[in-house]
1. Among the candidates 119, 103, which residue alone is under 27 Å from residue 159 (Cα atoms), over 28 Å from the mean Cα position of the chain (by Cα), open to solvent by 30 Å² or more (accessible area, probe 1.4 Å) and among the basic types (Lys, Arg)?
2. Working carefully through the options 303, 285, 291, find the one that is more than 12 Å from the ligand (Cβ to nearest atom), closer than 30 Å to residue 171 by Cβ and in contact with a Pro (Cβ under 9 Å, 6 or more places away or on another chain).
3. Find the residue count for region 333-367, including only residues that are surrounded by fewer than 17 Cβ atoms within 10 Å (Cβ to Cβ) and near the ligand (Cβ under 8 Å from one of its atoms).
4. In the list 388, 411, 359, which residue meets the criterion of being under 21 Å from the mean Cα position of the chain (by Cα) and not in a loop (DSSP other than H, G, I, E, B)?
5. Being surrounded by 10 or more Cβ atoms within 10 Å (Cβ to Cβ) and small (Gly, Ala, Ser) is the filter here; which residues of region 306-325 pass it?
6. Please verify whether region 380-394 includes one or more residues that are of a type in the set (Val, Ile, Thr), within 14 Å of the ligand (Cβ to nearest atom), touching a residue at least 60 places away in the same chain (Cβ under 8 Å) and touching an Asp or Glu at 6+ places or on another chain (Cβ under 6 Å).
7. Quickly run through region 194-232 and pick out the residues that are charged (D, E, K, R), over 26 Å from residue 169 (Cα atoms) and touching a Pro at 6+ places or on another chain (Cβ under 9 Å).
8. As an exercise: evaluate residue 398 against (1) more than 16 Å from the ligand (Cβ to nearest atom); (2) among the aliphatic types (A, V, I, L, M); (3) under 21 Å from the mean Cα position of the chain (by Cα) and give the number of the one condition it does not meet.
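The values are calculated or read from the model by the stated rules, or taken from the named source; none is laboratory data. It should be emphasised that the depicted structure is a prediction, and the values quoted were computed from it without experimental measurement. Cβ atoms come from the backbone with ideal geometry, glycine included; neighbour counts cover every protein chain shown. The accessibility values were calculated without ligands, DNA or RNA, using every heavy atom of the protein model including side chains. Shrake-Rupley method; radii C 1.70, N 1.55, O 1.52, S 1.80 Å.
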Amino acid sequence: MEYSRGVAAPQASRPRRPVDPAAPLAGAEIVVAIGGGIAVYKIAEVVRRLTKADAKVQVVMTPRATEFVGPTTFQTLSGRRVFTDPWDLGQDSEIGHIQIADRAELVIVAPATANLIARMAAGMADDAVTSVLLATRAPVLVAPSMNVNMWNHPLTQKNLATLVSIGTHVVEPGEGFLACRWIGKGRLAEPADIVEAAAHVLAPKDLAGRRVVVSAGPTYEPIDPVRFLGNRSSGKMGFALAAAAARRGALVTLVAGPVAEPDPHGVAVQRVETAVQLQAAVEAAATGADAVIMAAAVGDFRAASEAAHKLKRGELGATVALELTANPDVLAGLGAARAARGGAGPVLVGFAAETRDVVRYARAKLAAKGVDLIVANDVTEPDAGFAVDTNRVVLVDAAGEEALPVAPKRVVAHRILDRVTALVAARAT
Ligand code: CTP
């Protein structure tokens, strides 16, 4: 999913309630405005995901959209009567388009057909969807879906550019096999991506314009062309941090060791393999950054020399001694460089993966590496550490310790970023 943000977001219709960046959809009033295209069937999944995230969903449909999937489906999924006709006095007195437009905190237009995009760009209000859109002051997120030639048509692109110029957000269509039997761009973005884009729009932007560097995953230190020294880090915590910082408006560089995680949306990802490569990438990105979060499990040692060819078992004998050289400590290097500049430089956050005496070791690392915050966890606990989706961490800084409750890594990421945001703001003043 490509995701472009409009330049001049319209003013929200009313004062925003406090929004938790870890769950920006919870409690949000969201209008799902459905245009008339074959992808309507996928919007049932969008509505289901929104309600599962505790959003309050009001569905509005064009007359054509109701011919693809009936309002009963959406009424059942949203728990609210679907609005389809501003000229039906019964409907409009019960749930008028102005009330719907006023109440909305976000309007998602999906599928946005070429025709609907054209009508939006022209400022028309000739059906339920366009009437709500013209009357609302909430941000609008458009998910286009159409034939590839309609998508590529200069008029469609011009209409979309018009929408972006007034602050409309766009979830770009994907490429693939289209319902019209063409292969190309025009397929509606995946429901999960549309919902993630909605969360992006609604999340508070308390890291707007801040430059955040995150490292993630293990390092692989080659022994020969087929073998390496590695570790069990899955990269999940670091990837969750990068995605969370991007959602909060930061410009994020993620330096990732070898893991299977896909690139998070809106994050510049650099893939590396060894500790030395990771150090070069992190140090380059750290120049001018506001915060560096070292979630990577950097290998402490590498083979003193890498064999040019595969080591043959028969030539090695029963016991093998492998000579190791210490890798640079990337985080300690950043801490020392900052101290040498009299403290000028980014907020520095380290992780401490421990198997006992978690807080004591974390406090020692805080001092030894000269950093602002250590996120410590006991990797032997079943709900923390490598390869699981939850984490149980203790935040250790100069002032004390805070044990966070066990939670999904994407939630823990936001609680860590709450601290980072405060530290960045404190350094800026
Ligand atoms: N780290 C680093 N460079 C290394 C090793 C670790 O930058 N060569 C960073 C990690 O990214 C993490 C922090 O230092 O943020 C602590 O890592 P950890 O492996 O827990 O600690 P070590 O410094 O390796 O100490 P020990 O092996 O004694 O636990």
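1. When all the criteria are applied, what remains is 119.
2. Working: 303 fails: closer than 30 Å to residue 171 by Cβ; 285 fails: in contact with a Pro (Cβ under 9 Å, 6 or more places away or on another chain).
Every option except 291 fails the conditions.
3. Of the residues in region 333-367, 1 are surrounded by fewer than 17 Cβ atoms within 10 Å (Cβ to Cβ) and near the ligand (Cβ under 8 Å from one of its atoms).
4. 411
5. Passing the criteria: only 307.
6. No.
7. If we filter region 194-232 for residues that are charged (D, E, K, R), which is where we start, we get 196, 205-206, 210-211, 221, 224, 227, 232.
This time we only want the ones that are over 26 Å from residue 169 (Cα atoms), so: 221, 224, 227, 232.
Hit for region 194-232 is 232, nothing else.
8. Status for residue 398: all satisfied but (3).
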